[in-house]
Structure formats: structure tokens, C-alpha cells
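Novice: Structure provided below as C-alpha cells; questions to follow.
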Amino acid sequence: MMIFSLKRRFSKWLAPALAAAMFLGTPAGAQTLTIAVATAPTSMDPLFQQLNSNHELALHVYDTLVMLDESMKVKPGLAQRWQPLADPTLWEFKLRRDVKFHDGSPFTAHDVLFSYRRAMNVPGAPSTYSRALVGVDLDKSRVVDDYTLQVATKGPYPLLPRFLSGIPIVSRTLGAAVTSREFNDGSKAFGTGPYKFERYVPADRVSFVANPAYWGTKPHWQRVVFRVVTSGPTRVAALLSGDADVIASVPPADVPTLERNPNVTVTCGPSTRVIYWAMDVTREQAQHITAKDGKPIANPLRDLRVRQALSMAIDRAGMVRTVMNSMAIATNQFASEGFDGYNPAIAIPENDVARARRLLAEAGYPNGFKMTIHATNDRYVNDSQQAQAVAQMLARIGVEVTVELQPVANYFNKARAKEFTFAMVGFAMVTGETSSVVTPALLANSVNNYGGWKNDRFEAAFQRAMTTVAPAEHVRLLQEATAIAMADVPIIPTHTQVACWAGRTGLKIATAADENTFADAFTRK
């Protein structure tokens, strides 16, 4: 019942026309907006690492070829129009004229192709935007003229515009030798976006100033300061004291109190970010699993019955109700209801401790085993509390869990190196449909497939979906691929996040399903 109530409570935010709430009064320092965010960026290089904490800041300085609106539908960006050509593996993009980078150099199709090539291999990058270009053939892509770009694909690729919407465009004048250090100090941090880079203090703050020559809607603020405040209670205190005008990632436990404050309004909406647990399903002996007496054992996660038992032991509804303060939606798949790829036939496993114990016994683990699980403590809403709750739930079926919490800074590097056995992960559907999460999380050749799972039936269904032009058939195949995957339990999704922002008086705020915090989503009354 709580789940349905939550869906009713937030369903209105799926309509962009209703995705705003009015605040009363006038904000202090109206020309400057100070926003407190929970996670520090790892670089000002917009192509260094595909993390929300990086991307939301990059979108102030840099534009993308195609953009997404509030309902995650494609709209023109630096490209005014686009179309597939007679050859189904070739798309043509017509670009805006008279757009300039912040250093005064003109924007052309050469910059776009340079950006896509750089995105595949950024020096020293822990991860890149390459997964957005997995279907693109850059060798065959070409600049027709300064304002016409032809992008070649390796096969029919109907989702190309959606995937290109996530790649920031940098200037080709940067050259091949530019490093992230030069972005961080501002010497190379120029794009075509609504704001110009001002200053970056790692783990502390980033500031931008308005770009009055912006080609699109003029920036609302003269100056924007993003402060990194990893502690939820400290972010709330910063809002209440006036040290911040807006805070992102409002702690669920603080929402009721803030809602009662006449000087604060909280705006929430369902996000496309799914939280799940990735499992090592390939190694014969997992790094972080032993028998109860500490002796090595074969990796139990390779057995489907064990994975089913763990999934069954996790009380998703209880997680939403107690850990997330009902500010989340329980799930067992990637897509939220209302987004392409959501499969209504995929049920959330019943929380059945007795049956889970029987499955463990059938798999040869009647007494359970010991396992260390890993999670971030500064990335997702209540991430450390979630990990502790999962540990308690697994203990009920005989799995003795040790929780190791780590800051996000190096967490995903370790995950890609397969250093974790059972690890918390969160991915947002940055393109508004399932494939943008399935691609990194489950494809066999993805560096973000942290458990190493591979299934030929799934891969075949997913690849058919990605090359199917008919929208209805594309969605059907995504649903089919998702059903194949979730039947094998390679991961354990628990919930999709509900994203909340809180602001001081005198502002109105629009929510974002991708959870990005963008300064111009907050405007004066």
C-alpha cells in the first residue's frame, strides 16, 4: 500500500507542465545563487568521467549536440535538426551558426567530431563517455562542411540522438595533449554553454559566471556557486542558516520537517536512478566470501538459487519505508513506470525468509556463509544506511555480513577492477529509456558490468532492440531483454530514487528526472 501511495504522490511530476513549485519571498543575494550538493566532482574536464556530479556541472559550461527536455524527450541543442539518411547507418546533423566558445573561437562541426574522438580516450580518465558512442563508427563519420556533420553507425541505431545528448562538446583548439589539470585551473575550461568557468576548489566548491553572449535562453543568474557538502544534516543546516539558497539530495528523514517550515519549500519527483547490488557471478572463488569459520569456499553467487535467496531476503518495501522514509519506489528492474523499457510483468520478489533459507540449503549452504559487501557513503541518498539495512536483512537467512563503506572518489575504479563481490551501484537512465542503464550494467563487454555476468539470449534480444527502428518493437524487445536478465538475477535492484531539492523563499524550482542540479532550474519569482 505504501508503494502505491508513493506513486500517486509523485506521479504528477512526470508531467513537465507540473514540474515546478513556487516559493514565497525574495532570496538573499539575488544575483548570486549558492547551491549545496552532496557529491564532489572528480574533475572539471567534461569528458573525464561520466558521473552525475561531474556532468551536472559540465552542462553549465558546455552544450551537447542534442538536448533532453524536462520529460527527457529530445530537443535541439547545438544541432538544430537531424535525420537518418537513405543509408540506415548514416545520420546527418545540421548545426547552429554563429555560436562561439567562451574564448571567442567559432563552433563548427569539426569541434563535434573532435569531442567524440576525445571522449573515447581521455588521458588518465578512470572512465569515459565511450559507452554513449558504442554504436558509432567514428572512422567513417565526417565533416561535410562547418555546419553539417554526418555520423556513421555500425548498424541501424535509432537511439543515436538520445545517446549523443549526453556528450559535452569541447573545442578542437584544445588539441590532443590537454590534461584534466588544465580544465581544473580554468585555462582550458571553455565551452559554448550559458555559464563560464570561474573557479574550482577540489572537494569544496565550483563557481561560474553568466555568459551574456549565450546563443540560447540567457542565464538567469550572474554568478552560481556550487558548494560540496557531503553531510545531509549539514546541507539542511546550510539552507536554514542562509549559507545556501538551495540544497540538492535532501535527506528523506528531513523532508517532513522542512515541509513544515514556512520559509522553505521542498520539491520532489521520481528520478530515473535505480539503486542495485552488483554480484560477482563469474569467479570460482569470490574475494569477499568465506565459510562461517573463515575457510575458503567456492563462490556461492554463481548459483542461481543463492542469488534468488539473497534477492528474496531483501525487503524492498521495508527499505523504502524505513531507510528511505518513503522517498523511493521499490523495484526489481531498471526502468521506472512511465519510461520506455519498463516491464510490468516483472514482479518484485516477495520478502520470504523461510523460502530463502530453503534455497540456500538446496544450493549447499544450509548454514549460510560470511560475506563482505561494499557501498559508498557519499554518493546516493542514504547509501550507508541502505548497506547496513541490507546486512541486517541478509543476516536473517544466515548470511553473516560485514559492511565496508567508502567515499565515491575511488569506489568505481575498484568496482571496474572487479575488487568487490557484492557492491552497491546506482545508474540513472540518462537518455530516458532502459538501454542507457542496461548498456553499462549488463552488457558483457562493459567495464561497468561489475559482476561479469554474460547471457547470450539477453545479448541477442538487447542487440535486436538497439537496431530496431519501429518504436513499439524497440520497447517490446527492451522489455524482453530485461525479463531475460532479471530471471537470472545477475543484480539485485532495490528501488528507484525520488530526488528532492529544497530552497529558500523567493524561488521557484523545477525537478529533473535525471537528478542533475542545474542553476537555471531555480528562478526568481
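What follows is calculated from the coordinates using simple rules that are stated; it is not laboratory data. Everything numeric in this text was worked out from a predicted model, so none of it was measured. Glycine also receives a Cβ, built like all others from the backbone with ideal geometry; neighbour counts cover every protein chain displayed.
Novice: Quick one: length gained pulling residue 259 to residue 173 fully straight, 0.36 nm per residue minus the C-alpha distance?
Specialist: 26.1 nm
Novice: All other residues with a Cβ under 11 Å from the Cβ of residue 206 taken together, and with Lys, Arg as +1 and Asp, Glu as -1, what is their net charge?
Specialist: 0
Novice: Still on this structure, please answer the following. Ranking 480, 92 by Cβ neighbours within 10 Å, fewest first, what do you get?
Specialist: Fewest-to-most ranking of 480, 92: 92, 480.
Novice: Summing Lys, Arg as +1 and Asp, Glu as -1, what charge do residues with Cβ under 11 Å from the Cβ of residue 429 carry, residue 429 excluded?
Specialist: Residues close to residue 429 contribute a combined charge of -2.
Novice: Still on this structure, I have one more. Compare the peptides 300-312, 129-141 by average per-residue count of other Cβ atoms within 10 angstrom and give them in order, highest first. Mind showing how you got there, number by number?
Specialist: Numbers: 300-312: 21.7, 129-141: 18.1.
Order by mean packing, descending: 300-312, 129-141.
Novice: Anything over 30 Å Cα to Cα? Flag those among 73/140; 292/414; 414/508; 94/525; 295/414, in the order listed.
Specialist: 414/508; 94/525
Novice: Treating only the Cβ atoms of Lys and Arg (+1) and Asp and Glu (-1) as charged, compute the dipole magnitude of segment 224-350 about its Cα centre; round to the nearest 20 debye. Each step should come with its number before you reach the end.
Specialist: Values: 12 positive and 12 negative charges, 67 e Å.
Dipole size: approximately 320 debye.
Novice: Shifting gears a bit: Distance in nm between label sites at residue 291 and residue 220, each 7 Å beyond Cα in the beta-carbon direction?
Specialist: The modelled label-to-label distance comes out at 6.2 nm.
Novice: Another question, then. If amide hydrogens are placed 1.01 Å from N in the peptide plane, which non-local residues have theirs closer than 5 Å to the one on residue 205?
Specialist: Residues meeting the criterion, in which the H sits 1.01 Å from N, are 228.
Novice: Say the dipole of the chain comes from +1 at the beta carbon of Lys and Arg and -1 at that of Asp and Glu; which of 191, 136, 322 then lies farthest toward its positive end?
Specialist: 322
Novice: Something else: In which sequence would 523, 431, 64 go, from the one with the fewest C-beta neighbours within 10 Å to the one with the most? Don't jump to the answer; show the numbers that get you there.
Specialist: Details: 523 14, 431 25, 64 22.
Ordered from fewest to most neighbouring Cβ atoms within 10 Å, 523, 431, 64 come out as 523, 64, 431.
Novice: Let me ask you something else. Report the paramagnetic label zone for residue 182: residues of segment 124-160 whose backbone N is under 16 Å from a point 7 Å from Cα along the Cα-to-Cβ axis.
Specialist: Under cut-off, by backbone N: 124-125.
Novice: Are there trypsin sites (Lys or Arg not before Pro) in segment 237-283 that DSSP marks as loop and that have at most 12 other Cβ atoms within 10 Å, and which are they?
Specialist: Those that pass, being in a loop and sparsely packed, are 260.
Novice: Please report how far the C-alpha centroid of segment 382-406 lies from that of segment 79-130, rounded to the nearest whole angstrom.
Specialist: A separation of 44 Å, based on Cα centres.
Novice: Just to confirm a number: summing +1 for Lys and Arg and -1 for Asp and Glu over residues other than residue 307 whose beta-carbon lies under 12 angstrom from that of residue 307, what do you get?
Specialist: -1
Novice: With +1 on each Lys and Arg Cβ and -1 on each Asp and Glu Cβ, and nothing else charged, work out how big the dipole of the chain is about its Cα centre, in Debye to the nearest 20.
Specialist: Its charge dipole is roughly 420 debye.
Novice: Now for a different question. Counting pairs of Cα atoms in segment 271-498, how many percent are more than 26 Å apart?
Specialist: More than 26 Å apart: 33 percent of the Cα pairs in segment 271-498.
Novice: For residue 201 and residue 400 in the same chain, what is the full-extension length gain: residue separation times 0.36 nm, less their Cα-Cα distance, in nm?
Specialist: 67.5 nm
Novice: Within the chain, which whole H helices from DSSP have a Cα span along their axis of at least 24 Å and a mean Kyte-Doolittle hydropathy of -1.0 or more, if any?
Specialist: Values: long enough: 471-488 (26 Å, 0.18).
What comes out of the filter, once short or polar helices are dropped, is 471-488.
Novice: Next question, about the same structure. How would you rank 518, 422, 412, going from fewest to most other Cβ atoms within 10 Å of each one's own Cβ?
Specialist: In increasing order of surrounding Cβ atoms, one gets 518, 412, 422.
Novice: Quick one: Cα centre-to-centre distance for segment 176-193 and segment 274-336, in angstrom?
Specialist: Segment 176-193 and segment 274-336 have Cα centres spaced 40 Å from each other.
Novice: Let me have the 222 nm mean residue ellipticity of the chain computed from DSSP H runs of 4+ only, each contributing -39500 (n - 2.57), with the sum over all residues rounded to the nearest 500.
Specialist: Details: 14 runs with 134 residues, N = 525.
Calculated at 222 nm, the ellipticity per residue is -7500 deg cm²/dmol.
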